[in-house]
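Asks: Take this structure, written in structure tokens, and hold onto it; I'll ask about it next.
Every number here is computed from the coordinates shown, using simple stated rules; none is lab data. On a predicted model such as this, the values are computed, not experimentally measured, just so you know. Counting neighbours? That spans all protein chains shown, and the Cβs are built from the backbone with ideal geometry, glycine included.
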Amino acid sequence: MKQRSEFEKVVYDGGFRTLLSRDQIDQRIREMGKQITEDYRGKQPIMIAVLNGAFLFMADLIRHVEIDLEVDFIKISSYGDAKVSSGEVRMLKDINAEIQGRHVLLVEDIVDTGLSIGFLHEKFMAMQPASLRFVSFLIKPENVKTDIPIHYIGFEIPNEFVVGYGLDYKQILRNLPAVYVME
């Protein structure tokens, strides 16, 4: 039997339980990539990941999108080091691309209250894209307080604090291979 590293002991033996396995994540991302490919065939969308959390998800997702696309990144914050949203969204890094008249897919790691989605929707609609759709790895439907549609959803999850696969707690635990609930 393989011995666990100190890191694995903390994660697997201490206060975490698996919510989504790596296999579940891989399968769903393949399905999402196929759907985006079908929906955007003949177009060249730009996928914009919301840093820091969505970078892993978008990297895996674009490997399963079989059309030409461009990528960019935006960084906002509504959590800081807390487990709940501060209620205020701050812009930390803007995109570099010109999006007027382009098909834009905004890629989020998680939609919790929808505060960030509302902020991003307003910001990007002002830039007059040809279309704007949201992609989210996770969504907490019971928490969402916005009517802005999320067009591509990886998983609906319960209202629990999750880490791993890009999701953090105080900027750590993003590198976990699956999604875990912090007990």
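Asks: Pop out the ³J(HN,Hα) list for segment 140-150 in order, Karplus 6.51 cos²θ - 1.76 cosθ + 1.60 with θ = phi - 60°, rounded to Hz; leave Gly and Pro as x.
Replies: 9, x, 6, 9, 5, 10, 9, 9, 6, x, 9
Asks: Tell me, Glu66, Glu108, Glu142 in order of fewest to most beta-carbon neighbours within 10 Å? Before the final figure, lay out each step's value.
Replies: Details: Glu66 14, Glu108 25, Glu142 9.
Final ranking by Cβ density, sparse to dense: Glu142, Glu66, Glu108.
Asks: Compute the relative contact order of segment 143-183 as a whole-number percentage, counting only Cα pairs closer than 8 Å that sit 6 or more residues apart in sequence.
Replies: Reported relative contact order: 32 percent.
Asks: Using the number of other C-beta atoms within 10 angstrom as an exposure proxy, rank Met91, Met58 with the fewest first.
Replies: Numbers: Met91 12, Met58 26.
Going from sparsest to densest Cβ surroundings: Met91, Met58.
Asks: Now a separate question. Using just the alpha carbons, could you tell me how many Å³ per residue the convex hull of segment 12-164 encloses?
Replies: 110
Asks: Tally Lys and Arg at +1 and Asp and Glu at -1 over the other residues with C-beta under 13 Å from the C-beta of Val107: what net charge comes out?
Replies: Net charge around Val107: -3.
Asks: Okay, moving on. Under 8 Å for C-alpha pairs, at least 6 residues apart: give me the relative contact order for segment 43-183, rounded to a whole percent.
Replies: Relative contact order here is 22 percent.
Asks: In deg cm²/dmol, rounded to 500, what helix-only [θ] at 222 nm does the chain give when every DSSP H run of at least 4 residues adds -39500 (n - 2.57) and the total is split over its residues?
Replies: Theoretical 222 nm ellipticity from helices: -7500 deg cm²/dmol.
Asks: Follow-up. Out of the DSSP beta bridges found with both residues in the chain, what percent are antiparallel (nearest 5)?
Replies: The antiparallel proportion sits near 35 percent.
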